[in-house]
Amino acid sequence: MKRSTAGNSNKWGMYDREQESTGFRKRFKERPPPELRGKAIGLWYAARNKARRYGNSTERDKEMRAKRQASLDRQILGTIQLSETKKQKILQYLDETASTSTEIDNFYNDLKGLEFEHNFLNHINGNIYDKLKRYTQELRDNDEQLDTLYYDEFVKKKNDPNYTEMLKFRHNLPAMKMKTKIVDLINQNQVVVISGETGCGKTTQVAQFILDDWVEKKRGSLCKVICTQPRRISAISVAERVASERAESLGQSVGYQIRLEKHLPRQKASILFCTTGILLKYMESDPTLQQVSHLVLDEIHERDVISDFLITVLRDVIKYRKDLKVILMSATINSEAFSKYYGNAPHLNIPGFTYPVKEYFLEDVLQMTKFSFQKSAKKIFRKDQDFEKSRTEYIEPYIRQLKAENKYGMFVINELLKPQSESLNMHLIYSLLEHICLKDKDDGAILVFVPGFSDIQDLCKMARNSGKFPPHSFIIIPIHSQLSSIDQRQIFNPAPKGKRKIIISTNIAETSITIDDVTTVINCGFIKYKTLDLEMGCESLKPHLVSQANANQRRGRAGRVKPGVCYHLLIRARYEILDKFMQPEVLRERLEDVVLQLKLLQLGEAESFLANLMDPPDKKSVHMSVTLLHRLGALDTNENLTPLGYHMSRLPVGAQPAKMLILGSLFSCLDPILSVAASLGFKDAFQLSMDSTSADHAKLELADGCKSDHLLMHFAVRGYEESTNGYAFCRKYYLSENTLSLIKSMRQQFADMLCDMNFIENHSPRAASHNRNSQNLSLVKAIICAGLYPNIFIIKKHYLLRSVMHEPMKFHPKSILSKETHFESKLGVYHTRLMTQGIQVHDATLVHSWPLAFFGDDFHEGIDNHHHFVVISKKIRFKCSKSTANVVKLMRERLNEILNFMVTHPGPINWDQNTSDNKILSAIIELITSQDMDHLDLSDFDDSN
Ligand code: ADP
Ligand code: MG
């Protein structure tokens, strides 16, 4: 866009100012009709203002916005420059290769005889149903000798005091009382659904029932149970628990396998606890699961994407494997739906036992606390149309009914009628907490559920500032998955005598963490979770009303040791119309990873397969993910895996980090990229701190001015690995040692896999052979950019960003770029953006134009007002002369050929050879590096927008 010549830039761009000012004058003259009096005049102004805001002007607004966006799309965002000598040199390199490039043109032909060909071509051609059909029911013979061995071992166990001691405990579990029923039902049906309250003994008992039954019948050699868990941590702890109940150590009849860690049980007559992800890996090589006799899918009510996906795949598998037993286990919620999905499979519910919990609702709490809602409640829950409708249809009639019944004071009725009574209000929570602590003398722990970290901080601050919760009488413990685990250990210890424990937590304490001594629960009524906005194509993370299932689970937390109390900060009528369950994850999250998985399992076209899910995702959402995978080069136009996509789908990390890993090995800068990919695929090693200022300082110190959250991840891992005292290093920089050591293992796992794929020649993440360029941080940033593309942000002014599609965005406070004042480039890439208060970019790396010119898609040249430019992604424009554009175009073509050849012929590159490929790659690296080092001349930038 041309710089406006006048000093004050015209905010309305091309818009006709003359017309606007006349319109304004005319409206300004408008007066209310003279017959109106008093309040009616006020109403007239209100109506007019509303019409101005939303009324007739919308069409014109749209038009204006389109014009403004079109002009932004013409904005020059950087420069692509080549000196004349450099151009000539590169053209010469390109010429040298002209003769050889034809050999690579048809690289699929060239694959013949390679191991890769066998695997890859098999993959794009086959489908899972052929494999399943080929499975012939082998008549399995049992091994009599082994059967007797296992039988004798089991009989002997019954006299082992360790075993009998545990058995006493097990006999009190509700599941044990139903043992015969459970075993019979499983023996008589291929699929059964078992439900029961948390703690009734599903996870620890059911697999043992099956195994013991087969061993006692002297058929142990034919029994192999796999039990899946949604989380790594539960797979290990359950395996340990079950082994100790059987008076064994891990590795005999019980074992576990999770990503990066395993302790396998014996082959036969055994139970393996593993994550859902591991089961998928097994199915990739053997979809019929030949070695398995019983498959127990646990905690399926959580409705995470992989569980939902597995349930669907298995529906097909059991048609061919008639001897495979499938046991679906869930909490009581919604278990009928699973039975229905499997053609009304028999369903058995285990009645559980918990102490009664008395429930109070908002009206009761207002009566107790005399709390009054102020007009300016800090956090207002954004209400939508459905909410307004339910307010008039259910809530208001309910309040009128309360009034008629006269059970609550008029004060309460008036407060309920205020619309802000249904918003999240931290002052109300605080007021109730004070009421509970000061009025009742019980010393049981109090568990407060709030939506997010900032709410935890607010409540802690209020309690501290009030002086009413002195440390000698109260221990206040915040729980959040990203808070350091040292603080969290206090959670489980009972409070010292005379002190009362107050735990302030997100929904993590609903199921993942169990605190036994809780007797009082405060349910704020809200929960934070991700949803996918299909119009914007953006995920958002915001507080939503809880579902009844969440509310009941929260209530249950108060009755584990004795009768308890639960306060729901919701009007009772609102509680009654809450959704029954939370939406399954597959309807709320992006689907790239699932699509890659289903391609790897050869399940056919994404849309038609995903339509079979229990709750099929929106077609738009599938389409969005397929399109992104196509842009990343993972799928071709027929939605088949490309060679690159085939490699990507096999790496246990999201699509974009996977691509980054492959490019990192090809460009020989793997070490930093391993850290970045592991962090992005797992979680942030930086912890939240109640003292955010010093945490921010520490981060900036470690970042050393690099303007990249991703390089910062690399610095954190490298610093940790190189420090002599890892613990002290982590303390200093607010890092989680636990997360870092897992990231370290993931780096090793990625390196092992890349080595198996033949991209690198040895397993060491830091070996010199694949780290020739790791010191070149400019190149590392370019590879990060290539991996994260097309997630681009454009810096508008100061801290304001926009996406390529013109959505306004800003940096999340945890990104180090949010503290930056000077930006050498207008462009950057990110991995995660979430809608919270506006769209926030959580992690960012500033990049210059060359990396985008090489790795961006949809490259075109153009001319505007006699100025030549190139554009990528349809909207990102760089100033570039015609002759330079031509050279860049040729270089891009050549780079594509080289990369395509590399992914189809994986093998380490010999950088020492003076081949034309190497010359081109070196030229690319040199351009990227020198631009990043020089820091672009800012006079090229047009800041008028
Ligand atoms: P469910 O799967 O039905 O929720 P579990 O089988 O996990 O129940 O647990 C049953 C009971 O076994 C629990 O109530 C608890 O008392 C006990 N239990 C489970 N895991 C452990 C463990 N790791 N350590 C001690 N006790 C445990
Ligand atoms: Mg369980």
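The values are calculated or read from the model by the stated rules, or taken from the named source; none is laboratory data. Owing to the predicted nature of the structure, the values given are computational and were not obtained by experimental measurement. Cβ sites come from the backbone with ideal geometry, for glycine too, and all protein chains shown count toward neighbours. The area values use the complete protein model at the heavy-atom level, side chains included, leaving out ligands, DNA and RNA. Shrake-Rupley method; radii C 1.70, N 1.55, O 1.52, S 1.80 Å.
Numbers for the structure displayed
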item: Accessible surface, 1.4 Å probe, highest first, among residues D130, D386; result: D386, D130
item: Set of lysines with alpha-carbon distance to K281 below 22 Å, sequence-local pairs under 8 removed; result: K131, K133, K224, K262, K268, K319, K322, K325, K599, K659, K683, K744
item: Where labels lie 7 Å past Cα in the beta-carbon direction, separation of K158 and Q252 in nm; result: 1.7
item: For the chain, calculated [θ]222 nm from helices alone, where every DSSP H run of n ≥ 4 adds -39500 (n - 2.57); result: -14500 deg cm²/dmol
item: Residue-span extension gain [D618 to D364] - 0.36 nm each, minus C-alpha spacing; result: 87.4 nm
item: Cβ-derived FRET efficiency at R0 56 Å, D516 paired with R766, nearest 0.05; result: 0.80
item: Share of alpha-carbon pairs per 10 Å distance bin for the range 530-573, given as whole %; result: 21, 35, 24, 14, 4
item: Low-density loop positions, trypsin sites (Lys or Arg not before Pro), the range 839-905 - DSSP coil, at most 12 other Cβ in 10 Å; result: K874
item: Cα-centre dipole for the chain with unit charges at Cβ (Lys and Arg positive, Asp and Glu negative), debye to 20; result: 3900
item: Where labels lie 7 Å past Cα in the beta-carbon direction, separation of D130 and K340 in nm; result: 3.7
item: Bridge type composition, the chain - antiparallel percent by DSSP, nearest 5; result: 40
item: Distance histogram for the chain (every C-alpha pair counted, 10 angstrom bins, percent rounded to whole numbers); result: 2, 10, 17, 21, 20, 16, 9, 4, 1, 0, 0
item: Farthest positive-ward along the chain dipole, Cα basis, beta-carbon charges - from G564, A66, P496; result: G564
item: Chymotrypsin sites (Phe, Trp or Tyr not before Pro) within the range 675-715, DSSP loop, no more than 10 other Cβ atoms inside 10 Å; result: none
item: Fully extended contour minus Cα-Cα distance, from D316 to D857, at 0.36 nm per residue; result: 190.9 nm
item: Residues in the range 233-264 that a label on Q291 would reach, taking backbone N under 20 Å of a point 7 Å out along Cα→Cβ; result: 235-236, 239-240, 243, 249-264
item: Estimated FRET transfer efficiency (N187, F387; beta-carbon r; R0 35 Å; 0.05); result: 0.10
item: Antiparallel DSSP beta bridges within the range 357-570, percent to nearest 5; result: 25
